[in-house]
Amino acid sequence: MTTAPDTANPATAPVLPRARSRAAEPTDIRRYTPLARAGIITALAVLAVLWLAPLFWAVVTSLKQEADTTVVPLEVVPDRGFTLQAYASVLANGNLVTWFVNSTVVTVVITVLTVALSAAAAYGFSRTRFRGRNVLFALTIAGIMVPPQILIVPLYRQMLAMGLADTYAGIILPQLVLPAMVFILKKFFDGIPRELEEAARVDGAGQLRIFLQIVLPLSRSILAAVSIFVFIHAWNNFLWPFIITSDPGLMTLPVGLVQVQSAFGVRYAQVMASAILAGLPLIVVFMLFQRQIIRGVATTGLGGT
(Lines give C-alpha, C1' and ligand atoms only; values in the text may rest on other atoms or scores of the structure.)
Protein backbone atom coordinates (compact mmCIF):
# COMPACT_ATOMS: atom_id res chain seq x y z
CA MET A 1 0.00 0.00 0.00
CA THR A 2 1.45 3.34 -1.04
CA THR A 3 1.04 6.54 0.87
CA ALA A 4 0.86 10.02 -0.55
CA PRO A 5 3.93 12.12 0.03
CA ASP A 6 3.73 14.61 2.83
CA THR A 7 3.92 17.94 1.02
CA ALA A 8 3.66 19.85 4.27
CA ASN A 9 7.05 18.55 5.40
CA PRO A 10 9.88 20.06 3.31
CA ALA A 11 12.11 17.11 4.09
CA THR A 12 9.69 14.65 2.47
CA ALA A 13 8.28 16.93 -0.23
CA PRO A 14 8.85 15.74 -3.80
CA VAL A 15 11.51 17.48 -5.87
CA LEU A 16 9.81 19.66 -8.43
CA PRO A 17 11.10 19.79 -12.01
CA ARG A 18 12.18 23.41 -11.56
CA ALA A 19 14.18 22.46 -8.51
CA ARG A 20 15.85 19.68 -10.47
CA SER A 21 16.74 22.08 -13.29
CA ARG A 22 18.22 24.56 -10.84
CA ALA A 23 20.22 21.81 -9.22
CA ALA A 24 21.54 20.82 -12.61
CA GLU A 25 22.70 24.33 -13.51
CA PRO A 26 26.23 23.96 -12.09
CA THR A 27 26.84 20.92 -14.30
CA ASP A 28 25.56 22.87 -17.33
CA ILE A 29 28.12 25.59 -16.73
CA ARG A 30 30.88 22.99 -16.75
CA ARG A 31 29.54 21.20 -19.80
CA TYR A 32 32.72 21.92 -21.77
CA THR A 33 35.70 19.62 -21.43
CA PRO A 34 39.10 21.08 -20.52
CA LEU A 35 40.25 20.58 -24.12
CA ALA A 36 37.18 22.44 -25.44
CA ARG A 37 37.71 25.29 -22.97
CA ALA A 38 41.35 25.53 -24.04
CA GLY A 39 40.26 25.71 -27.68
CA ILE A 40 37.72 28.45 -26.96
CA ILE A 41 40.27 30.51 -25.01
CA THR A 42 42.82 30.08 -27.81
CA ALA A 43 40.32 31.19 -30.46
CA LEU A 44 39.34 34.24 -28.40
CA ALA A 45 43.01 35.10 -27.87
CA VAL A 46 43.66 34.92 -31.62
CA LEU A 47 40.67 37.17 -32.31
CA ALA A 48 41.87 39.63 -29.67
CA VAL A 49 45.33 39.76 -31.27
CA LEU A 50 43.81 40.31 -34.73
CA TRP A 51 41.65 43.15 -33.34
CA LEU A 52 44.55 44.79 -31.48
CA ALA A 53 47.05 44.48 -34.33
CA PRO A 54 45.84 47.59 -36.26
CA LEU A 55 45.80 49.64 -33.04
CA PHE A 56 49.30 48.45 -32.18
CA TRP A 57 50.57 49.31 -35.66
CA ALA A 58 48.94 52.76 -35.50
CA VAL A 59 50.69 53.51 -32.20
CA VAL A 60 54.04 52.23 -33.47
CA THR A 61 53.76 54.21 -36.72
CA SER A 62 52.84 57.39 -34.87
CA LEU A 63 56.06 57.08 -32.85
CA LYS A 64 58.29 56.77 -35.92
CA GLN A 65 59.98 59.46 -37.94
CA GLU A 66 58.38 60.13 -41.31
CA ALA A 67 61.29 58.56 -43.20
CA ASP A 68 60.89 55.32 -41.24
CA THR A 69 57.19 54.88 -42.05
CA THR A 70 57.87 53.94 -45.69
CA VAL A 71 60.92 51.74 -45.18
CA VAL A 72 60.77 48.38 -46.99
CA PRO A 73 60.72 45.86 -45.43
CA LEU A 74 58.60 47.26 -42.63
CA GLU A 75 60.26 47.63 -39.26
CA VAL A 76 58.42 47.39 -35.96
CA VAL A 77 61.32 49.02 -34.12
CA PRO A 78 63.12 51.53 -36.38
CA ASP A 79 66.89 51.84 -36.32
CA ARG A 80 66.68 55.50 -35.31
CA GLY A 81 64.34 54.71 -32.45
CA PHE A 82 60.98 56.17 -31.53
CA THR A 83 60.08 59.84 -31.33
CA LEU A 84 57.12 62.05 -30.44
CA GLN A 85 57.78 64.34 -33.40
CA ALA A 86 54.51 63.44 -35.15
CA TYR A 87 52.45 64.31 -32.07
CA ALA A 88 54.36 67.58 -31.64
CA SER A 89 53.74 68.50 -35.28
CA VAL A 90 50.01 67.79 -35.05
CA LEU A 91 49.70 69.78 -31.83
CA ALA A 92 51.76 72.67 -33.16
CA ASN A 93 50.13 72.95 -36.59
CA GLY A 94 46.51 72.72 -35.45
CA ASN A 95 44.23 74.39 -32.94
CA LEU A 96 43.74 71.17 -31.04
CA VAL A 97 42.30 72.66 -27.84
CA THR A 98 39.59 74.56 -29.73
CA TRP A 99 38.69 71.51 -31.82
CA PHE A 100 38.53 69.34 -28.72
CA VAL A 101 36.23 71.82 -26.96
CA ASN A 102 34.02 72.01 -30.07
CA SER A 103 33.77 68.22 -30.28
CA THR A 104 32.95 67.99 -26.59
CA VAL A 105 30.24 70.66 -26.73
CA VAL A 106 28.68 69.29 -29.91
CA THR A 107 28.79 65.67 -28.74
CA VAL A 108 27.35 66.36 -25.27
CA VAL A 109 24.52 68.52 -26.64
CA ILE A 110 23.68 65.95 -29.33
CA THR A 111 23.69 63.13 -26.78
CA VAL A 112 21.42 64.92 -24.29
CA LEU A 113 18.92 66.18 -26.87
CA THR A 114 18.85 62.95 -28.89
CA VAL A 115 18.20 60.79 -25.83
CA ALA A 116 15.51 63.20 -24.60
CA LEU A 117 13.72 63.36 -27.97
CA SER A 118 14.05 59.62 -28.58
CA ALA A 119 12.72 58.77 -25.12
CA ALA A 120 9.74 61.12 -25.49
CA ALA A 121 8.90 59.78 -28.96
CA ALA A 122 9.33 56.17 -27.84
CA TYR A 123 7.07 56.70 -24.83
CA GLY A 124 4.44 58.28 -27.04
CA PHE A 125 4.51 55.32 -29.43
CA SER A 126 4.46 52.86 -26.54
CA ARG A 127 1.69 54.32 -24.38
CA THR A 128 -0.39 56.72 -26.48
CA ARG A 129 -3.17 55.49 -28.72
CA PHE A 130 -3.98 57.77 -31.64
CA ARG A 131 -5.07 57.41 -35.24
CA GLY A 132 -2.19 56.61 -37.57
CA ARG A 133 0.15 55.59 -34.75
CA ASN A 134 1.25 52.36 -36.44
CA VAL A 135 1.81 54.11 -39.77
CA LEU A 136 3.85 56.88 -38.15
CA PHE A 137 5.93 54.34 -36.22
CA ALA A 138 6.50 52.34 -39.41
CA LEU A 139 7.72 55.49 -41.17
CA THR A 140 10.03 56.19 -38.25
CA ILE A 141 11.50 52.71 -38.42
CA ALA A 142 11.84 53.02 -42.20
CA GLY A 143 14.19 55.92 -41.53
CA ILE A 144 16.74 53.38 -40.29
CA MET A 145 17.11 52.11 -43.86
CA VAL A 146 17.78 55.58 -45.32
CA PRO A 147 21.56 56.18 -45.74
CA PRO A 148 22.56 59.49 -44.15
CA GLN A 149 24.55 60.42 -47.25
CA ILE A 150 21.32 60.77 -49.25
CA LEU A 151 20.20 63.59 -46.96
CA ILE A 152 23.43 65.61 -47.14
CA VAL A 153 22.42 67.88 -50.04
CA PRO A 154 18.88 68.78 -48.84
CA LEU A 155 20.11 69.28 -45.28
CA TYR A 156 22.93 71.51 -46.47
CA ARG A 157 20.55 73.62 -48.53
CA GLN A 158 18.17 73.87 -45.60
CA MET A 159 20.94 74.99 -43.24
CA LEU A 160 22.07 77.62 -45.77
CA ALA A 161 18.50 78.89 -46.15
CA MET A 162 18.17 79.18 -42.38
CA GLY A 163 21.53 80.90 -42.02
CA LEU A 164 22.93 78.13 -39.82
CA ALA A 165 26.07 77.30 -41.80
CA ASP A 166 29.25 77.62 -39.70
CA THR A 167 27.27 77.57 -36.45
CA TYR A 168 26.90 75.10 -33.60
CA ALA A 169 23.20 74.81 -34.40
CA GLY A 170 23.98 73.86 -37.98
CA ILE A 171 26.25 71.06 -36.78
CA ILE A 172 23.91 69.79 -34.06
CA LEU A 173 20.34 69.98 -35.41
CA PRO A 174 20.63 67.50 -38.32
CA GLN A 175 22.13 64.90 -35.98
CA LEU A 176 19.36 64.87 -33.38
CA VAL A 177 17.09 62.30 -35.05
CA LEU A 178 18.12 58.64 -34.73
CA PRO A 179 15.20 56.30 -35.53
CA ALA A 180 17.11 53.27 -34.23
CA MET A 181 17.19 54.75 -30.71
CA VAL A 182 13.44 55.43 -30.84
CA PHE A 183 12.83 51.80 -31.78
CA ILE A 184 15.08 50.47 -29.00
CA LEU A 185 13.53 52.64 -26.30
CA LYS A 186 10.00 51.92 -27.52
CA LYS A 187 10.56 48.18 -27.22
CA PHE A 188 11.96 48.64 -23.72
CA PHE A 189 9.03 50.82 -22.63
CA ASP A 190 6.64 48.16 -23.92
CA GLY A 191 8.04 45.79 -21.29
CA ILE A 192 7.39 48.10 -18.33
CA PRO A 193 4.25 46.91 -16.47
CA ARG A 194 1.30 49.22 -17.02
CA GLU A 195 0.10 48.51 -13.49
CA LEU A 196 2.75 50.87 -12.17
CA GLU A 197 1.37 53.72 -14.26
CA GLU A 198 -2.21 52.90 -13.32
CA ALA A 199 -1.30 53.01 -9.63
CA ALA A 200 0.34 56.39 -10.17
CA ARG A 201 -2.79 57.70 -11.92
CA VAL A 202 -4.87 56.61 -8.94
CA ASP A 203 -2.59 58.76 -6.78
CA GLY A 204 -3.25 61.72 -9.09
CA ALA A 205 -0.10 61.67 -11.23
CA GLY A 206 -0.36 63.00 -14.77
CA GLN A 207 1.20 61.59 -17.90
CA LEU A 208 4.27 63.82 -17.76
CA ARG A 209 4.93 63.03 -14.10
CA ILE A 210 4.57 59.30 -14.76
CA PHE A 211 7.07 59.56 -17.61
CA LEU A 212 9.61 61.58 -15.62
CA GLN A 213 9.30 59.95 -12.19
CA ILE A 214 8.38 56.34 -12.99
CA VAL A 215 9.26 55.32 -16.53
CA LEU A 216 12.62 57.09 -16.85
CA PRO A 217 14.02 55.88 -13.48
CA LEU A 218 13.06 52.33 -14.42
CA SER A 219 14.89 52.76 -17.75
CA ARG A 220 18.26 53.91 -16.46
CA SER A 221 20.13 50.94 -17.89
CA ILE A 222 18.77 51.28 -21.43
CA LEU A 223 19.11 55.08 -21.31
CA ALA A 224 22.76 54.70 -20.33
CA ALA A 225 23.37 52.28 -23.21
CA VAL A 226 21.63 54.54 -25.72
CA SER A 227 23.53 57.58 -24.44
CA ILE A 228 26.86 55.84 -24.90
CA PHE A 229 26.02 54.76 -28.45
CA VAL A 230 24.83 58.26 -29.37
CA PHE A 231 27.97 59.78 -27.84
CA ILE A 232 30.26 57.51 -29.86
CA HIS A 233 28.28 58.14 -33.04
CA ALA A 234 28.36 61.92 -32.59
CA TRP A 235 32.05 62.05 -31.68
CA ASN A 236 33.07 59.97 -34.72
CA ASN A 237 30.82 61.82 -37.17
CA PHE A 238 33.07 63.39 -39.77
CA LEU A 239 31.03 63.93 -42.93
CA TRP A 240 28.39 66.40 -41.77
CA PRO A 241 30.67 68.66 -39.66
CA PHE A 242 33.16 68.63 -42.55
CA ILE A 243 30.49 69.84 -45.01
CA ILE A 244 28.72 72.41 -42.86
CA THR A 245 31.80 74.12 -41.34
CA SER A 246 34.58 76.09 -43.00
CA ASP A 247 35.60 78.22 -40.02
CA PRO A 248 38.59 76.58 -38.25
CA GLY A 249 37.25 77.92 -34.97
CA LEU A 250 34.11 75.79 -35.29
CA MET A 251 35.65 72.57 -36.59
CA THR A 252 35.33 69.40 -34.56
CA LEU A 253 38.36 67.28 -33.74
CA PRO A 254 38.10 64.75 -36.62
CA VAL A 255 37.60 67.55 -39.17
CA GLY A 256 40.39 69.72 -37.79
CA LEU A 257 42.92 66.90 -37.72
CA VAL A 258 42.19 66.09 -41.36
CA GLN A 259 42.85 69.73 -42.26
CA VAL A 260 46.27 69.48 -40.61
CA GLN A 261 47.05 66.31 -42.57
CA SER A 262 45.95 67.73 -45.93
CA ALA A 263 47.97 70.91 -45.43
CA PHE A 264 51.21 68.93 -45.37
CA GLY A 265 50.35 66.06 -47.71
CA VAL A 266 50.20 62.43 -46.66
CA ARG A 267 52.51 61.96 -43.71
CA TYR A 268 51.81 58.58 -42.24
CA ALA A 269 53.24 59.27 -38.80
CA GLN A 270 51.08 62.38 -38.45
CA VAL A 271 48.05 60.55 -39.81
CA MET A 272 48.42 57.85 -37.16
CA ALA A 273 49.15 60.40 -34.44
CA SER A 274 45.99 62.28 -35.38
CA ALA A 275 43.95 59.08 -35.30
CA ILE A 276 45.30 58.22 -31.85
CA LEU A 277 44.55 61.70 -30.51
CA ALA A 278 41.03 61.64 -31.95
CA GLY A 279 40.35 58.20 -30.49
CA LEU A 280 41.68 58.84 -27.00
CA PRO A 281 38.40 60.28 -25.62
CA LEU A 282 36.50 57.25 -26.89
CA ILE A 283 39.02 54.94 -25.26
CA VAL A 284 38.54 56.79 -21.98
CA VAL A 285 34.75 56.54 -22.33
CA PHE A 286 35.00 52.82 -23.01
CA MET A 287 37.27 52.22 -20.02
CA LEU A 288 34.90 54.13 -17.73
CA PHE A 289 31.65 52.66 -19.06
CA GLN A 290 32.63 49.31 -20.54
CA ARG A 291 30.15 47.46 -18.31
CA GLN A 292 27.28 49.62 -19.56
CA ILE A 293 28.50 49.29 -23.16
CA ILE A 294 28.64 45.50 -22.97
CA ARG A 295 25.22 45.39 -21.29
CA GLY A 296 23.87 47.76 -23.94
CA VAL A 297 25.19 45.62 -26.80
CA ALA A 298 23.63 42.52 -25.20
CA THR A 299 20.33 44.31 -24.57
CA THR A 300 19.90 46.27 -27.77
CA GLY A 301 21.73 44.10 -30.28
CA LEU A 302 23.72 47.07 -31.66
CA GLY A 303 27.00 45.23 -31.87
CA GLY A 304 27.16 45.61 -35.63
CA THR A 305 26.35 49.31 -35.83
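The values are calculated or read from the model by the stated rules, or taken from the named source; none is laboratory data. This is a predicted model, so every value here is computed, not measured. Reconstructed Cβ throughout: ideal geometry from the backbone, glycine too, with neighbour counts over all protein chains shown. Accessible surface is based on the protein model in full, side chains and every heavy atom, while ligands, DNA and RNA are left aside. Shrake-Rupley method; radii C 1.70, N 1.55, O 1.52, S 1.80 Å.
Taking the Cα-to-Cβ direction at residue 160 and at residue 134 and moving 7 Å from each Cα, how far apart do the two end points lie in nm?
Here the modelled spin labels are 4.3 nm apart.
Could you run the Karplus curve 6.51 cos²θ - 1.76 cosθ + 1.60 with θ = phi - 60° over the stretch 153-165 and give me ³J(HN,Hα) per residue in whole Hz, x for Gly and Pro?
5, x, 5, 5, 5, 5, 5, 5, 5, 8, x, 9, 5
When ligands, DNA and RNA are left out and all protein chains stay put, how many square angstrom of accessible area per residue does the stretch 95-265 have with a 1.4 Å probe?
Numbers: 8940 Å² over 171 residues.
Per residue, the stretch 95-265 has an accessible area of 52 Å².
Could you order peptides 200-206, 113-119, 84-90, 280-286 by the average number of other Cβ atoms within 10 Å of their residues, highest first?
Details: 200-206: 11.1, 113-119: 19.3, 84-90: 17.7, 280-286: 13.4.
Per-residue Cβ counts within 10 Å, averaged per peptide and sorted highest first, yield 113-119, 84-90, 280-286, 200-206.
Placing +1 at every Lys and Arg Cβ and -1 at every Asp and Glu Cβ, with all other atoms neutral, what dipole size does the stretch 95-265 have around its Cα centre, in debye to the nearest 20? Can you show the working numbers first?
Details: 11 positive and 7 negative charges, 107 e Å.
Roughly 520 debye for the stretch 95-265.
Modelled label-to-label distance, residue 42 and residue 116, 7 Å Cα→beta-carbon offset: nm?
It is 5.5 nm.
Mean separation of Cα pairs under 8 Å and 6+ residues apart, divided by the residue count of the stretch 95-265: what relative contact order is that in percent?
Details: 136 pairs, mean separation 76.6, N = 171.
Contact order relative to length: 45 percent.
Find the Rg to Rh ratio for the stretch 95-265, where Rh is the Kirkwood radius over alpha-carbon pairs and Rg uses the same atoms. The partial results should precede the final answer.
Numbers: Rg = 19.1 Å, Rh = 17.9 Å.
On the Cα set of the stretch 95-265, Rg over Rh gives 1.06.
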